[in-house]
Amino acid sequence: MRIVRISAFGMALPLRRPYELQGGRLRYEQLDSTMVRIDTDEGVSGWGEACPWGSTYLPAFPRGIRAGIEELAPALIGQDPRRTDVVNSVMDTALPGHPYVKSAIDIACWDILGKATGLPVCDLLGGRRPGDVTIQSSIPSADPPEMLRNIERFSAKGYTIHSAKVGSGVAADIERIEYLAERMPAGSSLTVDVNRAWIPDQAIRVMQATEGVDAYFEQPCATYAECLQVRRATRQPILLDEIIHTYADLLRAHQDRACEGIGLKPNRVGGLTKARRIRDLCVQTGMRLNIEDTGGTALADTAAVHLAQATPARYRRGTWFCHEMITVDPIIGGARNLGGVTRAPEAPGLGAEPDRDALGRPLLVIGG
Ligand code: MG
């Protein structure tokens with residue numbers, strides 16, 4: 001089987017409500033997603049999606065994906081898409097780095113491998129594990145009562161993990177965290193996601209002041225060195241997210257005992273092939289995982305759910321559904337919300353693909 005054509009489509013994804021991170025410093029109203037279709041000489045086609053959370057969340061931006069695919073695609077024409085490690089080697093040779101450019105191509109190759117073998121992607125990633133995958137809520141920065149009302153709304157729909165975004169400053173964040181922790185719905189778990197907003201001084205003061213609170217603290221500072229400094233001065237469990245880009249990043253975090261878990265996002269690390277390697281190291285070293293993507297429709301969410309579904313339940317913390325935060329739903333099939341939990345589809349491949357009518361004309365077609 002050979003790749004004969006790679007097409008990329010742009011898609012605007014308006015958010016249902018403007019979304020704020022870092023205590024309001026970063027604001028988002030619409031995402032810009034790229035859908036990638038790979039066609040083969042045997043008539044099997046695969047789909048992938050790449051959607052950074054705007055241009056300010058990670059060193060990644062939507063138009064960069066399209067430019068990167070244009071750069072990469074000629075090297076991929078003629079490759080066998082079922083050989084996912086080989087495809088990744090070809091991409092890493094043709095364009096070192098730029099993992100967010102490669103993710104949709106890699107995911108489309110897994111979709112093809114699944115369709116060619118008749119297996120869902122979770123089975124190809126090691127095998128479907130028992131149990132549903134928990135969906136975590138995403139609670140934007142706001143005043144504490146509004147954040148609590150938001151948590152209660154999600155809780156009423158069955159959600160048990162809540163990721164509250166903070167990062168305004170020491171006093172405001174201590175107040176927020178204590179207010180929420182005291183009032184969390186019974187049986188639910190709180191993540192305090194700082195999205196890199198604190199400097200070590202602030203992180204240490206907030207975390208020392210809230211030491212009795214049962215919560216995970218996610219990505220307290222912008223750099224690894226800063227997070228490690230915080231780690232050594234505090235006692236709460238830490239999740240690292242934005243700064244884990246490679247297997248080597250995770251290996252260093254394990255060696256330094258820098259965290260208890262990570263956020264694993266296929267788009268950030270370069271797709272399912274590389275995410276699976278990182279997942280495996282987490283399982284081997286006893287780290288927990290949130291497995292979700294940086295953004296997108298139910299297509300990107302479903303790819304992440306396949307990897308989560310193939311991860312042993314005790315290492316799995318949750319996933320997150322961006323597709324519930326946008327006003328459009330152009331995907332047929334896919335992993336859907338079953339009351340705060342989800343399951344990877346049973347169909348071969350991803351079990352999700354765009355509705356052709358929603359796509360419009362491709363921005364880019366490379367190959368015959
Ligand atoms: Mg995060």
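FYI, it's all coordinate maths here, none of it is from the lab. Owing to the predicted nature of the structure, the values given are computational and were not obtained by experimental measurement. Here Cβ is always computed from backbone atoms with ideal geometry, including for glycine, and neighbour counts include all displayed protein chains.
May I ask you to derive the relative contact order of the chain, considering only C-alpha pairs under 8 Å and at least 6 residues apart, and to give it as an integer percent?
Relative contact order for the chain comes out at 22 percent.
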Problem - Long-range amide H partners of L264 with built H, under 5 Å - result: N290, I291, E292
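All other residues with a Cβ under 15 Å from the Cβ of P348 taken together, and with Lys, Arg as +1 and Asp, Glu as -1, what is their net charge?
On the way: positive: R82, K115, R128; negative: E42, D111, D123, E346, E353.
Every neighbour counted, the sum reads -2.
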Fill in the blank from the handout: Expected sort for H98, H323 with the fewest Cβ neighbours (10 Å cutoff) up front is H98, H323
Fill in the blank from the handout: Row for region 235-336, column shape: gyration tensor on C-alpha, a ≥ b ≥ c, rounded if a/c < 1.5 i.e. under 1.5, prolate if a/b over b/c, else oblate; value prolate
Problem - Nearby aspartates and glutamates by direct alpha-carbon distance to K102 (threshold 12 angstrom, same-chain neighbours under 8 apart not counted) - result: E49, E70, E71, D92
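If you take the square roots of the eigenvalues of the alpha-carbon gyration tensor of region 66-175 and sort them as a ≥ b ≥ c, do you get rounded (a/c under 1.5), prolate (a/b over b/c) or oblate? Provide the component values of the computation, followed by the final result.
Working: a/c = 3.96, a/b = 1.83, b/c = 2.17.
Judged from the Cα gyration tensor, region 66-175 comes out oblate (a/c at least 1.5, b/c at or above a/b).
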Practice task
Mind running the shape call on region 123-353? Use the C-alpha gyration tensor, a ≥ b ≥ c as the square roots of the eigenvalues: rounded below 1.5 for a/c, prolate if a/b tops b/c, oblate otherwise.
Solution key: oblate
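Can you give the % of DSSP beta bridges in region 123-353 that are antiparallel, to the nearest 5?
Restricted to region 123-353, the bridges split so that about 15 percent are antiparallel.
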Problem - Choice from E20, E175, E42 showing the highest fluctuation, given a GNM over the chain with Cα pairs closer than 10 Å - result: E42
Practice task
Can you check what the net charge comes to around G339, using other residues whose Cβ is under 12 Å from the Cβ of G339 (Lys, Arg +1; Asp, Glu -1)?
Solution key: +2
